[in-house]
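A quick write-up on the structure given underneath.
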Amino acid sequence: MVKHWRVDREEKYEIVEKWFLKDLEMIDGKEADTDNPYFDMHFHEVYHLEAYSCASKYTFARTLNKLNETYLKKDLKIVNFDDTYLNDDSIWSSNNRDCLVLMRICFYASNLLCLSLCPLS
């Protein structure tokens, strides 16, 4: 866990606490239907954390899941997250998923706008 603060124009970071991935039992995203940066990590006790943004919360969960699949292959529970944005096999899959999702949404929205402005013959 990293603490972040700003002193004048300098950004400061301090490592506050470290955990082992093998000790992580579950990640709880709190509410899958809302856009919030809050989540819980369950070790021998529950830690209530806040990410920088909802997108960074999902990126963090994807990274932990990928590390677990690569190195530990244990049953890591990830609950209260939208599976569409967590799985590599989803239609939104990419190395930079968050930007790709935003680009696709903008593309579809612009298509809808163009279609709605076209006159019908």
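Note the full-extension length gain between D8 and T70 as 0.36 nm times their separation in residues minus their Cα-Cα distance, in nm to one decimal.
Details: separation 62, 0.36 × 62 = 22.32 nm, distance 4.08 nm.
Here the answer is 18.2 nm.
Of the accessible area of the chain, with the probe set at 1.4 angstrom, what percent is carbon plus sulfur? Could you put the intermediate results ahead of the total?
Values: 5270 of 9320 Å².
The value for the chain is 57 percent carbon and sulfur by accessible area.
Annotation: peptides 46-59, 6-19, 66-79, ranked by per-residue average of other Cβ atoms within 10 Å with the highest first, follow the order 46-59, 66-79, 6-19.
In this structure, the amide hydrogen of N80, modeled 1.01 Å from its nitrogen in the peptide plane, lies closer than 5 angstrom to those of G29, counting only residues at least 5 positions away or on a different chain. If one takes the longest principal axis of the Cα atoms in the chain, at what angle in degrees, from 0 to 90 and to the nearest 10, does the Cα axis of helix 97-117 lie? Computed tilt is about 20 degrees. Counting only residues at least eight positions apart within a chain, or on another chain, the lysines with an alpha carbon under 16 Å from that of K66 are K22, K57, K74, K77.
Taking 0.36 nm per residue of separation and subtracting the Cα-Cα distance, full extension of the segment from S116 to S53 would add 19.4 nm. Taken per residue, the accessible surface of region 2-86 reaches 73 Å², heavy atoms only and a 1.4 Å probe. Each residue of region 51-67 is assigned a 3J(HN,Hα), and the resulting list reads 7, 5, 7, 5, 4, 6, 5, 5, 4, 5, 5, 4, 5, 4, 5, 5, 4 Hz, derived from the Karplus form 6.51 cos²θ - 1.76 cosθ + 1.60 (θ = phi - 60°), x at Gly and Pro. Phi angles of region 4-13 translate, via the Karplus equation with coefficients 6.51, -1.76, 1.60 and θ = phi - 60°, into HN-Hα couplings of 10, 8, 10, 10, 6, 9, 9, 9, 10, 10 Hz per residue; Gly and Pro are given as x. Among the listed options (1) -0.43; (2) -0.61; (3) -0.50, the one matching log10 I(q)/I(0) by the Debye sum over Cα atoms at q = 0.11 Å⁻¹ as calculated from these coordinates is (3).
The values are calculated or read from the model by the stated rules, or taken from the named source; none is laboratory data. Quick caveat, the model's predicted, so the values are computed rather than measured. All Cβ positions, glycine included, derive from the backbone under ideal geometry; neighbour counts span all protein chains shown. Calculation scope for accessible area: heavy atoms of the full protein, side chains included, ligands and nucleic acids excluded. Shrake-Rupley method; radii C 1.70, N 1.55, O 1.52, S 1.80 Å.
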